[in-house]
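Q: First the structure, then my questions, so here it is.
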Amino acid sequence: MAKTKDENTEGQILDAAKDVFQAKGMAGARMQEIADKAGINKAMLHYYYRSKQLLFEAVFKSAFSLLAPQLNAILNDDSSIEDKIKSFTSNYISFIIKHPYLPNFIIQELNRNPEFILKLTEKKGFPNLEKFKIQIDNDVKNGLIKPISAEQLFINILALNIFPFLAKPLIMALTKTDDKNYKQLMEDRKTEVSSFIINSIKKH
């Protein structure tokens, strides 16, 4: 009889892989360690995921499927631009603190395999900027914010939120901070980033 994949086992594997990838990164993670943590043998792990890359992609998709709908909901709700910036920043930073491997993985995958990200854009809940663009255009026309394109504003939000996680070792070295204080720095950025961006577009 052919083996069938069990959802509980698959869930255990993804949870174990997330923990190992988070602790060791993609390069440092070992399939044997993931199998041990999941409470299965390596052969069983390879039956579910033939390679570490495929397992990493599955962990990424699982995490991204939780984050993307949250961000999309914020972009498309009826709140003000100011509240959107605050909510987006707070949600993103909270999520990445829990899944710190994600930003580097996204950059790695974009460079290595652009089609992988294109596949994600087809999934339900992938962030859609159309309503955000209309809202920005209307706020600019009504004199509520300084002239800026929605695309440039969104890139500013992403850049200020993502870079500190991508450059964690550099930032820790430059600021002479340890891991605990780095986490506090990132928590503080929830208000720092949103205030910085809001003040940059607000008409005084």
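Q: Rank these for me by crowding, THR121, THR9, going from fewest to most other beta carbons within 10 Å.
A: Ranked by crowding around the Cβ, least crowded first: THR121, THR9.
Q: Given a Förster distance of 25 angstrom, what is the FRET efficiency for LEU54 paired with LEU158, based on the Cβ-Cβ distance and rounded to 0.05?
A: Given R0 = 25 Å and the Cβ-Cβ separation, E is 0.40.
Q: Next question, about the same structure. If eta is 1.002 mPa s and T is 20 °C, what Stokes-Einstein diffusion coefficient results for the range 1-50, Kirkwood Rh from Cα pairs, in µm²/s?
A: Result for D is 195 µm²/s.
Q: Give the long-range amide H neighbours of ALA29: residues separated by 5 or more places, or on another chain, with amide H under 5 Å away, using H modelled in the peptide plane at 1.01 Å from N.
A: The answer is none.
Q: Hydropathy at least 1.0 by Kyte-Doolittle, axial extent at least 18 angstrom from the Cα trace: which helices of the chain, defined as entire DSSP H runs, fit?
A: Correct list, ordered by number: 150-166.
Q: Give me the extension gain from ASN41 to LYS202: residue separation times 0.36 nm, minus the current Cα-Cα distance, reported in nm with one decimal.
A: 52.3 nm
Q: Right, something else. Just how many % of Cα pairs in the chain lie over 22 Å apart, if you round to the nearest whole percent?
A: I get 57 percent for the Cα pairs in the chain exceeding 22 Å.
Q: Taking H as built 1.01 Å from N, whose amide H comes closer than 5 Å to the amide H of ILE145, not counting residues under 5 places away?
A: Amide H to amide H, under 5 Å and 5 or more residues apart or across chains, ILE145 pairs with VAL140.
Q: OK, next. Based on the Cβ-Cβ distance from SER62 to GLN32, what FRET efficiency comes out when R0 is 22 Å, to the nearest 0.05?
A: 0.55
Q: Using a simple charge model, +1 on the beta-carbon of Lys and Arg, -1 on the beta-carbon of Asp and Glu, nothing else, what dipole does the chain show about its Cα centre, in debye to the nearest 20?
A: So the magnitude is around 340 debye.
Q: Here is a follow-up. Quick one: Kirkwood hydrodynamic radius for the range 122-204, alpha-carbon pairs, angstrom, one decimal?
A: Hydrodynamic radius (Kirkwood, Cα only) of the range 122-204 equals 14.8 Å.
Q: Convex hull over the alpha-carbon atoms of the range 38-97: what's its volume per residue in Å³?
A: That works out to 92 Å³ per residue.
Q: In addition: To make sure I understand the rule: partners must be lysines, Cα under 23 Å from the Cα of LYS42, and not fewer than 8 residues away in the same chain. Which ones qualify?
A: LYS3, LYS5, LYS18, LYS24, LYS52, LYS61
Q: For SER79 and LEU144, calculate 0.36 nm times their separation in residues minus their Cα-Cα distance, and state this gained length in nm to one decimal.
A: Extending this stretch completely gives an extra 22.0 nm.
We did not get these values from a lab; they are worked out from the coordinates using the rules stated. Computed from a predicted model, the values in this text were never measured in an experiment. Cβ: placed from backbone, ideal geometry, glycine included. Neighbour counts: every protein chain shown.
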